[in-house]
Amino acid sequence: MTDFAKTKSMFSIPAGMIYLNGNSLGPLPKSAQARVAAMMTSEWGEMLITGWNKAGWMGQATRVGDRIAKLIGAQEGHVVVGDTLSIKVYQAVASALELNPDRKVILSDNGNFPTDLYMTDGLIRLLNNGHELRTVNPEDVEAAIDETVAVLLLTEVDYRTGRKHDMKRLTQKAHAAGVITIWDLAHSAGALPIDLSGCNVDFAVGCTYKYLNGGPGAPAFIYVAPRHVDKVRPALSGWLGHKSPFAFDLEYKAGNGIERMRVGTPPVIALAVLEAALDIWDMADIHDVRAKSIALCDLFIKEVEARCPQLILDTPRDGAARGSQVSFRFTDSYAAIQALIAHGVVGDFRAPDTMRFAFTPLYIDEADVLAAVDVMKNVLTNNLWDTAAFKTKSAVT
Ligand SMILES: *Cc1c(COP(=O)(O)O)cnc(C)c1O
């Protein structure tokens, strides 16, 4: 059984703050500061260029990939870390399309995070070969899978509503129609158990700064199924994805297996932080995390509905049908979130009118949920959000 009191003690969260925004940016693992300081002094400071070999910096991308593989049900040696999620989406879509060269449709849903759609659109323009991005309502995805579709590109958990797709069923349906699948795990990795191998997924991508707590700008990851990895031809054919980067060969030859999905020099400092964050994950069982996350979300929904009738639930009530967040709609969601933050409860706003709250058992417990709802009731009942200052939008919401 995961010791959640222990995991909670390993994060640095300011006194008086209830942090319900781990779906956007996880909090700082206390050990990360010392880890980075040690890396700076004894590795970068002392070893300089020899750190690539002596400290093993070059192998970090796949070593860390293997640690993430355990959390997402991937086979060892099939996940690599680097770049941003937007870039990993681009790589996955490009490689997936090449595996299905006679078809032109990329199917997604209109609840997907926009960057996944933007990157696909940019790739389609570059290919200039008649591809089409087709987006349907999330509930209509299953019916839209047919033999014209080349690639199914879905984010498992909707960033706005928390609604969760059925990965196994949709992947099966896609495969029956000859469709290659890409699953974006941005709101799944670290939020719930994932079984990429059991679901027979073709490609998966995700980020590490949300539920995995890797820090702002932490690198993304990509998974390619063993049956494809030696066939895929990377569109972003950078030198570190080459078979032998230090041969400085003028001709590109794809690296072994998942190594080919690397692009350029890895972010070694960011990877040190991510490793510290993953140490905490080594102490947790994702099934315990899921059970507690469902219980915390259920409690939050019950308390908010009883005490804040102004808010309208915008997340599936059934725990199995959602990720690890709860969203409510409210006419002045932006101002309400700013007021909540000013009163110590950190959630976030997503246009047009969603208030999001993530429940992350590694550092959020029942007492936090109850205390957060006390603050929400006060802010909403007394209209504390209704000021010009709280209605002024910042660049990042
Ligand atoms: C958070 C998120 C992203 C962010 O992409 P970056 O390149 O890391 O900024 C992309 N896709 C989804 C589905 C997300 O939730």
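The table for this structure:
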| quantity | calculated |
| --- | --- |
| Net charge dipole size for segment 56-281 [Lys, Arg +1 and Asp, Glu -1 on Cβ; Debye, nearest 20] | 300 |
| Helical segments meeting 27 Å axial Cα length and Kyte-Doolittle 0.5 threshold in the chain (DSSP H) | none |
| Loop-resident sites, segment 185-288, for GluC sites (Glu not before Pro), counting at most 11 other Cβ within 10 Å (DSSP) | Glu251 |
| Dipole of the chain [Lys/Arg +1, Asp/Glu -1 at C-beta], most positive-end residue of Val105, Leu25, Phe300 | Leu25 |
| Extension gain from Leu313 to Asn256, taking 0.36 nm per residue of separation minus the Cα-Cα distance | 15.8 nm |
| GluC sites (Glu not before Pro) lying in DSSP loop within segment 1-100, provided at most 15 other Cβ fall within 10 Å | Glu76 |
| Assigned charges on the beta-carbon of Lys, Arg, Asp, Glu; the chain dipole about Cα centre (debye) | 380 |
| Spatially proximal lysines relative to Lys164 (Cα-Cα < 18 Å; intrachain offsets below 8 disregarded) | Lys173, Lys210, Lys292 |
| Value of relative contact order over the chain, rounded to a whole percent, pairs C-alpha under 8 Å and six or more apart | 21 |
| Dipole of the chain, positive end: most advanced residue of Gly319, Ile13, Trp44 [Cβ charges, Cα centre] | Trp44 |
| Loop sites in segment 196-263: chymotrypsin sites (Phe, Trp or Tyr not before Pro), DSSP, at most 12 other Cβ within 10 Å | Phe248 |
| Helix-only mean residue ellipticity at 222 nm for the chain, each DSSP H run of n ≥ 4 adding -39500 (n - 2.57), per residue, nearest 500 | -11000 deg cm²/dmol |
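Since every read-out is calculated from the coordinates, none of them should be taken as a lab result. Remember, predicted model here, so these are calculated numbers, not experimental data. Here Cβ is always computed from backbone atoms with ideal geometry, including for glycine, and neighbour counts include all displayed protein chains.
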